[in-house]
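A quick write-up on the structure given underneath.
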Amino acid sequence: MAKAKKGFSRSDRIAEQIQRELAELIRKGLKDPRVGWVTITAVEVTRDYSHAKVFYTVMEESKREITREALESAAGYLRNGIGKVLQIFTTPQLHFFYDDSIERGVYMSRLIDEVNGNAVTVTQDAEDDVDEAADDEAEGDEPLDADDQAAGKA
């Protein structure tokens, strides 16, 4: 009889648990004033649980580097806090990386909005031209066809 396939591997579940615990430790336990509004976006754990990549974002772009330094200096404290909560043999070393995916997403969204905004403008200009031609016909003016335009009739 075949075993049912699980949705997540154990390392994925450990990574999610580390993400939750880190967020809580940073919010409640970290007293470093250099760490402001930090969001832990993802955690990747190696198969042997010896290392964990922690991806984070900050609210203010100017505090990105200061926050990284503060998190790296607090890595021992955070690792100790995780080790107390998680029931695994090896508590992973934490490596912090800034996650710029949200900024890239906002940038891409802005580009799409600009393209859509230009497309709407072009469509509206074409509709305005059609409306003007319909108004000219309603007033009794004959619309100029291609032969009249070429002959210069107005």
Exercise for the section: Grab the alpha carbons of the range 34-110, take their convex hull, and tell me the volume per residue in Å³. Expected result: 96 Å³
Problem - Most to least packed among 110-117, 58-65, 13-20 [average Cβ atoms within 10 Å] - result: 13-20, 58-65, 110-117
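Here, each number is a calculation from the coordinates, and none is a lab measurement. Keep in mind that this is a model prediction, so the values were computed, not measured. A quick note on method: Cβ atoms are made from the backbone with ideal geometry, for glycine too, and the neighbour counts reach across all protein chains shown.
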